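To keep things clear, I will list the structure first and then write my remarks on it.
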Amino acid sequence: MKVLIATDKPFAKVAVDGIRNVIEAAGYELALLEKYTDKKQLLEAISDANAVIIRSDIIDAEVLDAAKSLKIVVRAGAGYDNVDLDAATKHNVCVMNTPGQNSNAVAELALGLMVFAVRNQYNGTSGTELKGKKLGIHACGNVGRNVARIAKGFGMDLYGFDAYCSAESMEKDGIKAVSSQEELYQTCDIVSLHIPATPETKNSINGALVGLLPKGGVLVNTARKEVIDEVSLINLMEQRPDLRYVTDIMPAAHATFIEKFPERYFSTPKKMGAQTAEANINAGIAAAHQIVDFLKNGNERFRVNK
Ligand code: 3PG
């Protein structure tokens, strides 16, 4: 059996070594394709692989067509919007993610971006503190819960909206559940996005919603760029010189944001929420174990396609 790691954004070496140990202990072979610049390289590398570990790498119908022996794709991470699930099902390929394994890393970055924003991007001027501010956690999955845990340490007041979580489970984590996303934005000084990119959420974070934030509001995005309606957010920020947007996922309109709002907008150059040795080890090694357990025992616990 051949297991391929295909990562445009490579794991830390220590994580690759850990994955190799798990794969070789199972008697399988490990192949590595990192920092590829052309899809053709992926098509070639995956052609004889039985399993593949990816990150935000795109697995579409063309890749699946080329992967003649593929049985399983594991997205070492949470969001799997980069995998064509229907095409995978048609190709009889199981798709899994590794929920929770990189969520602390993403949550720490979300808090880091908040500090950076309220301290005016460390430009030497007087900013504000997080203590006592109302933080809106938009979706309370693994990352949102870690954000809540860390934000409590900053002394923030926590609010959350998640259509799929009970108010009781949120309140157990010290998050006050509000009944709509509008209420969340109206109530909070800072909103941190943790929604997945789905047909329902794409472009859903628009000027009308973000415009509900009170004066000085901050929007933090460590989720996906696709959930933002960039045109209406730019229009809103033109009308509301008090609002700030900090993101770990560079918008398509990055150049416009930078030009218009150099002091109120910031994007990391490459998504780095999950880019820590710990998250790479946790998610990568979990992915390796899931592959071995699937190939040897048929365990489909983390399967996300039907
Ligand atoms: C995820 O969905 O797990 C995060 O967005 C991290 O993505 P990455 O592995 O591409 O850094």
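The values are calculated or read from the model by the stated rules, or taken from the named source; none is laboratory data. Worth saying up front: this structure is predicted, and the values here are computed from it rather than measured. For neighbour counting, all protein chains shown are included, and Cβ atoms are generated from backbone atoms with ideal geometry for every residue, glycine included.
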Inset, instruction - Check off (1) over 16 Å from residue 279 (Cβ atoms); (2) in contact (Cβ under 8 Å) with a residue 40 or more places away in the chain; (3) outside the structural domain of residue 51 (by TED's automatic domain parsing) for residue 115 and give me the number that stays unchecked. - result: (2)
Legend entry - Tabulated pairs, the stretch 33-44, first closer than 18 Å to residue 83 by Cβ, second of a type in the set (Ser, Thr, Tyr), C-beta under 7 angstrom, 6+ apart or interchain: 42/36
Legend entry - Residue in the stretch 184-196 that is surrounded by fewer than 19 Cβ atoms within 10 Å (Cβ to Cβ) and closer than 23 Å to residue 251 by Cα present: yes
Legend entry - the stretch 263-306, residues that are touching a strand residue (DSSP E or B) at 6+ places or on another chain (Cβ under 7 Å), small (Gly, Ala, Ser) and closer than 14 Å to residue 113 by Cβ: 267
Legend entry - helices (runs of 4 or more DSSP H) enclosed by the stretch 98-191 - at least 1 residues per element that are in contact with a helix residue (DSSP H, G or I) (Cβ under 6 Å, 6 or more places away or on another chain): 103-118, 142-153, 181-187
Legend entry - Answer from 163, 177, 167, 139 - the residue that is without any contact (Cβ under 8 Å) to a residue 12 or more places away in the chain and closer than 20 Å to residue 201 by Cβ: 163
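Conditions (1) touching a Leu at 6+ places or on another chain (Cβ under 9 Å); (2) within 16 Å of the ligand (Cβ to nearest atom); (3) hydroxyl-bearing (Ser, Thr, Tyr), marked per residue:
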position: 91; (1), (2), (3): yes, no, no
position: 94; (1), (2), (3): no, no, no
position: 98; (1), (2), (3): no, yes, yes
position: 102; (1), (2), (3): no, yes, no
position: 105; (1), (2), (3): no, yes, no
position: 110; (1), (2), (3): yes, yes, no
position: 114; (1), (2), (3): yes, no, no
position: 121; (1), (2), (3): no, no, no
position: 126; (1), (2), (3): no, no, yes
Inset, instruction - Tell me, please, whether a residue that is within 18 Å of residue 97 (Cα to Cα) and either at pLDDT 95 or above or in contact with a His (Cβ under 8 Å, 6 or more places away or on another chain) (or both) can be found in the stretch 35-42. - result: no
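Sort out which residues of the stretch 1-20 are part of a helix (DSSP H, G or I) and charged (D, E, K, R), and write them in order of number. Give the derivation first.
Of the stretch 1-20, the ones part of a helix (DSSP H, G or I) are 13-20.
The answer is 13, 17, 20.
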Inset, instruction - Answer yes if at least one residue in the stretch 130-138 is in the same structural domain as residue 119 (by TED's automatic domain parsing), surrounded by fewer than 21 Cβ atoms within 10 Å (Cβ to Cβ) and within 21 Å of the chain's Cα centre (by Cα), and no otherwise. - result: no
Inset, instruction - Identify the residue in the stretch 189-205 that is aliphatic (A, V, I, L, M) and more than 13 Å from the chain's Cα centre (by Cα) and, among all such residues, is farthest from residue 219 (Cα to Cα). - result: 205
Legend entry - Top-ranked residue of the stretch 235-277 - restricted to ones that are within 16 Å of the ligand (Cβ to nearest atom) and surrounded by fewer than 18 Cβ atoms within 10 Å (Cβ to Cβ), ranked as farthest from residue 16 (Cα to Cα): 250
Legend entry - Residue that is nearest to the ligand (Cβ to nearest atom) [pool: residues in the stretch 79-89 that are of a type in the set (Gly, Ala, Ser) and part of a helix (DSSP H, G or I)]: 88
